[in-house]
Amino acid sequence: MKAEKILVIGANGQIGSELVEALVHRHGAARVVAADLHTGFCGSEVAFAKLDVLDSKALRALVVAEGVTQVYHLAAILSATGEKVPLQAWNLNMNGLLNLLELARELLAEGRLLRVFWPSSIAAFGPNSPRLNTPQYCVMDPTSMYGISKLAGERLCEYYHQKYGVDVRSLRYPGILSSKTPPGGGTTDYAIAIFLSAKKREVFECFLSQDTTLPMIAMEDALRATLSLMEASPEQIKIRSSYNVTGLSFSPAELALAIRQRLPAFQIRYVPDERQAIADSWPQSLDDSRARADWGWKALIGMDQLVDGMLA
Ligand SMILES: NC(=O)c1ccc[n+]([C@@H]2O[C@H](COP(=O)([O-])OP(=O)(O)OC[C@H]3O[C@@H](n4cnc5c(N)ncnc54)[C@H](O)[C@@H]3O)[C@@H](O)[C@H]2O)c1
């Protein structure tokens, strides 16, 4: 593996905090720089930079000063929060990505390669997308500002690759389940909060109805997918918009049942709120056969391992 210098933008978030650890494990702390709008990365002993990804000059200065060769760009406003501040969501989700793609284009013109990872989401699909085993290519008519920004972002990634040769790679993440860092305001957050209630012996109030099935993935699998995609050779990456990837699909009732099998006293109440409409417009399961065929993706963590891991 060639010596990379890796920048993670949005390093304090749910994914960033664990991705930094995984990158340090693979490359060593000296090769990783964590950046976020807010100070306070308290994970590994990596360099931390306070950065607003919307400040294109500061972004360029950091990338050049550190000799960065790969960027994982995770700064975004997620689905549920995005509906409260839609213009802010559009601004951050689009212009942060554009700043980075423009920088990668400029550096390439100067003869410097910058490999970029940017996550899309199942939110890029919409009510007229097939909801079962949603294919890689189909109608996509997202209804949330978050989903609209993700679909537009996918088109930008493909555009910068086709037109300028920028090496940008992307995954359509489903809901990501982790126990280390709190989730950042998404529609699948219930599937993390439920474990906290279960551990505290509280009755869990679920903001989605009991039969709302959504695709999910364990953080460990999500990180493996992300690193595999970034480590694949450019010829393996046949899709430059964003790849479907998935772990497993379940509803709140199915998750509650799995928890009750381990904690028989666990109780749940269903009190759907405005997030129900967002969830109802998303796929229930995803077809990730293109990721499997192109760069060997396969999820490893199923329901039992996931629930045992979260409760532990
Ligand atoms: N977590 C999931 O389940 C999930 C699912 C699908 C897609 N995604 C995508 O993955 C990415 C990361 O998600 P997450 O759950 O870790 O989000 P998060 O909200 O937990 O973290 C985002 C981080 O970005 C930082 N940030 C915000 N504005 C910034 C700015 N202007 N400049 C620099 N940093 C800024 C925040 O301080 C925060 O630490 C996002 O693009 C999100 O859309 C996440």
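For beta carbons closer than 8 Å, sequence separation of 6+ or different chains, a first residue in the range 138-152 that is among the aromatic types (Phe, Trp, Tyr) and a second that is in a loop (DSSP other than H, G, I, E, B), the qualifying pairs are Tyr146/Ala76; Tyr146/Ile77; Tyr146/Leu78.
Checked against the criterion of being touching a residue at least 60 places away in the same chain (Cβ under 8 Å) and either near the ligand (Cβ under 9 Å from one of its atoms) or not in a helix (DSSP H, G or I) (or both), the candidates Ala76, Ala89, Ala104, Ala80 yield just one match: Ala76. Just one of the numbered conditions (1) of a type outside the set (D, E, K, R); (2) part of a strand (DSSP E or B); (3) in contact with a helix residue (DSSP H, G or I) (Cβ under 6 Å, 6 or more places away or on another chain) is not true of Val307: (2). Leu59 meets each of the listed conditions (1) modelled with pLDDT under 95; (2) more than 19 Å from the chain's Cα centre (by Cα); (3) within 10 Å of the ligand (Cβ to nearest atom) apart from (1).
Only a single item in (1) outside the structural domain of Pro127 (by TED's automatic domain parsing); (2) not in a loop (DSSP other than H, G, I, E, B) is not met by Met230, and it is number (1).
Just for strands (runs of 3 or more DSSP E) wholly inside the range 1-68: which have at least 2 residues that are over 19 Å from Thr226 (Cβ atoms) and in contact (Cβ under 8 Å) with a residue 12 or more places away in the chain? First the steps, then the outcome.
Working: elements: 6-9, 32-36, 47-50.
Once the strands (runs of 3 or more DSSP E) in the range 1-68 are filtered for at least 2 residues that are over 19 Å from Thr226 (Cβ atoms) and in contact (Cβ under 8 Å) with a residue 12 or more places away in the chain, what remains is 47-50.
Confirm whether Val71 is at pLDDT below 95, under 14 Å from Gly16 (Cβ atoms), in the same structural domain as Leu151 (by TED's automatic domain parsing) and more than 11 Å from the ligand (Cβ to nearest atom). It is false that Val71 is at pLDDT below 95, under 14 Å from Gly16 (Cβ atoms), in the same structural domain as Leu151 (by TED's automatic domain parsing) and more than 11 Å from the ligand (Cβ to nearest atom).
The values are calculated or read from the model by the stated rules, or taken from the named source; none is laboratory data. As the structure is a computational prediction, the values presented were derived from the model and not from experiment. A quick note on method: Cβ atoms are made from the backbone with ideal geometry, for glycine too, and the neighbour counts reach across all protein chains shown.
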